[in-house]
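So the structure is just underneath, and the comments pick up after that.
Just so it is clear, none of the values below were taken in a lab; they were calculated from the coordinates. Please read these numbers as outputs of a predicted model, since none were measured by experiment. In this analysis, Cβ positions are derived from the backbone assuming ideal geometry, glycine residues included, and neighbour counts consider all displayed protein chains.
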Amino acid sequence: MLLPLEVRQGSALIGTALLRAACELFRDARLSEFLAVGPHRHHAVAFGAIAAALDVPPRLAAETYAFVSLRGHVSAAQRLGWLGQRDAQRVLHALKPEVRMAAETACGLQLDVAGGFAPTWDVAAMAHEFAPARMFAS
């Protein structure tokens, strides 16, 4: 569901690395099998597979994934100099209720209606490949 090529490739690389680390750390046969034959190794899918293998309740897994994703965006803002450390912590703390609410909503969705639609972000991400300067590797 990731339209931009660079974003798709980055997600697959991060997901594969996460699965490999989890396989080494937990030595779980289900994860090893998923890594060996699973064609969908994107970060979100890998995170979900690991959470399921570790019997993490779905809502806790969704909250954790959402917060980790939010933290990644806040971290990017810090590296770009848009936020300082204290401001970053304030943003993360202030958004905790929204993260919980988003996870609760997501857990109630049927798989056939789950997904995202952000055409402006997709177009900007596609333009990144041709940008004269890049801020981040992924």
Give, to the nearest whole percent, the P(r) tail of the chain beyond 27 angstrom, counting all Cα pairs.
29 percent
Subtract the Cα-Cα distance of residue 75 and residue 6 from 0.36 nm times their separation in residues, and report this length gain in nm to one decimal.
22.9 nm
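Report, in cubic angstrom per residue, the convex hull volume of the C-alpha atoms of region 57-111.
Working: hull volume 4.0 nm³, N = 55.
For region 57-111, the hull spanned by Cα atoms encloses 73 Å³ per residue.
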At a Förster radius of 30 Å, what calculated FRET efficiency corresponds to the Cβ-Cβ distance of residue 96 and residue 122, to the nearest 0.05?
0.60
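Check every DSSP H run in the chain and write down those whose alpha carbon atoms cover 30 angstrom or more along the long axis and whose mean Kyte-Doolittle hydropathy is 0.0 or greater.
Values: long enough: 5-26 (31 Å, 0.84); 58-79 (31 Å, -0.07).
Membrane-span-like by this rule: 5-26.
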Highest GNM mean-square fluctuation, the chain, Cα pairs closer than 10 Å: which of 67, 47, 117?
117
Using a 7 Å offset from the Cα along the Cα-to-Cβ direction at both residue 30 and residue 129, what is the distance between the two label points in nm, to one decimal?
3.6 nm
